[in-house]
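Report on the following structure.
All of the numbers you see were taken from the coordinates with simple rules; none came from a lab. Worth saying up front: this structure is predicted, and the values here are computed from it rather than measured. Virtual Cβ from ideal backbone geometry, glycine too; neighbours counted across all protein chains shown.
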């Protein structure tokens, strides 16, 4: 095309231009307009998780900005791989159901909580031990608030096996995401009863019982003699009194 100057301007210039082909029109059937495909909707995490030793579930919010709709879990979509316990990075899956379709994967993180010194937990002996000639294993119950610690997950035990009667000290070492440090606990294996001592005590008891019975017999005998003598004296006095 030609551009000519007028009024205070003069001269002319040639400028080329192009008429582009029209783009393919977008139809409502195209995938990007499918608001029932959850892959086209807005997704965000609904909660932030911090490891606490218990099972937790990561939730998400799926919404459509076009029609201001928020989908409901269990009605419009279902979640899998969103239930976790330990700190770390995970990926859950959301799949559309009923009136919705499509599948999305969402990454989330369970943060590491500040660890607690295991010395602040409560340690209780879980069983009573009595010497029997075999190795005895002392178990414990460890709690922190309403949390019950699990052996092999939150702590390990050392020196909790013994055979002979006596008092021992076991070591409790923290492990896992929640606890740190170590502590100790004392436990006792009671001595088994001596059979000879039992027989000796039984024999002594029988002797004491026999002596007591003999003494009781002597007392009764003396009493009988005394009664008979008193009766004789009374009879004599009555006879001479006449």
Could you check how many percent of all C-alpha pairs in region 30-111 are farther apart than 20 Å? 34 percent
Sorted by Cβ neighbour density within 10 Å, fewest at the top, the residues 76, 117, 146: 146, 117, 76
Can you put 104, 6, 148 in order of Cβ neighbours within 10 angstrom, beginning with the fewest? 6, 148, 104
Percent breakdown of C-alpha pair distances by 10 Å bin, ordered from the shortest bin, for region 70-154: 13, 26, 20, 18, 14, 7, 2
Between region 40-92 and region 111-139, how far is it from one alpha carbon centroid to the other, in angstrom? 37 Å
What nm distance separates the two modelled labels at residue 107 and residue 124, each placed 7 Å from Cα along Cα→Cβ? 4.4 nm
Among 3, 172, 97, which comes first, second and so on when ranked by fewest other beta-carbon atoms within 10 Å? 3, 97, 172
Note down the Stokes-Einstein diffusion coefficient of region 116-190 in µm²/s, whole number, using a Kirkwood radius over alpha carbon pairs, 4 °C, and 1.567 mPa s. 102 µm²/s
